[in-house]
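Note sheet for the following structure.
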Amino acid sequence: MKLIITLGLAGFLSGLILVGVYLFTKPIIAENKARALKEAIFKVLPGTTDFVTLYNQNGTLVEIANEANSESDQSENIYLGFDQQNALIGFAIPGSEPGFQDIIGALYGYEAKGQTIIGFEVLESKETPGLGDKIFKDPDFQTNFTALQVEPEINVVKKGKKENDNEVEAITGATISSRAIVRLLNKSLDKWQPLIEDYLSSKETKISFSKTLPAPFDSLKGAHPDGELGDDSPCLAGRQALGVRGERGNSNQTATK
């Protein structure tokens, strides 16, 4: 009987400790993931200093406060990046796909006007060390994603056999991981391209791919931290100009590594 009680208490205490550790580490893990995501946005969209979070609401992209990311389904978020002159850089788009070992999670930069991928960052991977992990460690593989055309569909070719701008050179010895990345990109683009096109069409008189955007947009940098604007806010005209409902991100807010 004493043995049963002892084992029961040990099991109870072990479970209690596990729950306590989980509750303690959960917000830390979430914070680290959010920091990594923000850093990746600026990396896959070279030249970006600010961004707007766009949420897929029943097939329509709507702007939301960047702080609201934790409250929404992040798999339904993409990010619209701008440079210091408020020129549109592109969209940072997340995606995931089974690799050789486990699910690969990534973020890539998409320039809609040229239908081009301009950056790529792996956020989560458990691929084989020395082989599959080259999807984020091999500089040569990363060069596939600096000016990758997405039309027609992206294809995988053997290393050294690339002839077209829509082709990705596979990593020698890690073909499965390389193909997983290409599937991730194609599937993600199938989902997001139509939404992005509709979004840009709806903003065509307000968003331009030229050097500058309408002057009021610059006032978004002074938005109230909670994303709410009073009637006397100098940012109100800027937000109304594009229908932006949330606060813009800023590279200066990115936590130091």
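The values are calculated or read from the model by the stated rules, or taken from the named source; none is laboratory data. Keep in mind the model is a prediction, meaning the values are calculated, not measured. Because the Cβ atoms are built from the backbone with ideal geometry, glycine has one as well, and the counts that use them run over all protein chains shown.
Of note:
- Answer residue from region 198-222, given it is assigned to a loop (DSSP other than H, G, I, E, B), among the charged types (D, E, K, R) and surrounded by 13 or more Cβ atoms within 10 Å (Cβ to Cβ) and is modelled with the highest pLDDT among those: LYS203
- Of the residues examined, ILE78 is one that is within 28 Å of GLU197 (Cα to Cα) and either out of contact with any Ser or Thr (no Cβ under 8 Å at 6 or more places or on another chain) or crowded, with 16+ Cβ neighbours inside 10 Å (or both).
- Test result for SER178, touching a helix residue (DSSP H, G or I) at 6+ places or on another chain (Cβ under 8 Å), crowded, with 16+ Cβ neighbours inside 10 Å and either within 23 Å of VAL62 (Cα to Cα) or among the polar types (S, T, N, Q) (or both): yes
- Against the conditions (1) under 30 Å from SER201 (Cα atoms); (2) at pLDDT below 85; (3) surrounded by 10 or more Cβ atoms within 10 Å (Cβ to Cβ), ILE41 satisfies every one except (2).
- The set of residues from region 126-156 being outside any helix (DSSP H, G or I), without any contact (Cβ under 8 Å) to a residue 40 or more places away in the chain and hydroxyl-bearing (Ser, Thr, Tyr) comprises just one member, THR146.
- Listed by first and then second residue, the pairs linking a residue in region 35-55 that is over 15 Å from ALA65 (Cβ atoms) to a residue that is in a helix (DSSP H, G or I), with Cβ atoms under 6 Å apart and 6 or more places separating them unless they lie on different chains, are PHE42/SER251; THR48/PHE42; THR49/SER251.
- The condition (being in a strand (DSSP E or B) and either touching a His at 6+ places or on another chain (Cβ under 6 Å) or of a type in the set (Asp, Glu) (or both)) is satisfied by just one residue among GLU39, GLU63, GLU31: GLU63.
- Looking only at region 2-23, residues that are closer than 30 Å to GLU124 by Cα and surrounded by fewer than 10 Cβ atoms within 10 Å (Cβ to Cβ) come to 1 in all.
- Positions within region 126-146 being in contact with a Ser or Thr (Cβ under 6 Å, 6 or more places away or on another chain) and closer than 18 Å to ASN186 by Cα, in sequence order: ILE135
- Only one entry of LEU189, LEU185, LEU195 meets the criterion of being outside any loop (DSSP other than H, G, I, E, B), touching a strand residue (DSSP E or B) at 6+ places or on another chain (Cβ under 7 Å) and over 16 Å from VAL122 (Cα atoms), and that entry is LEU195.
- Pair list, Cβ under 6 Å, 6 or more apart: region 82-101 residue free of Cβ contacts under 8 Å to residues at least 40 places away in the same chain, other residue outside any loop (DSSP other than H, G, I, E, B): ASP83/ILE89
- Some residue of region 79-88 being closer than 26 Å to ALA180 by Cα, modelled with pLDDT under 85 and either of a type in the set (Val, Ile, Thr) or assigned to a strand (DSSP E or B) (or both): no
- Test: residue in region 82-95 that is closer than 22 Å to TYR199 by Cα, of a type in the set (S, T, N, Q) and crowded, with 18+ Cβ neighbours inside 10 Å: yes
- Complete set of residues in region 113-125 that are surrounded by 18 or more Cβ atoms within 10 Å (Cβ to Cβ) and assigned to a loop (DSSP other than H, G, I, E, B): SER125
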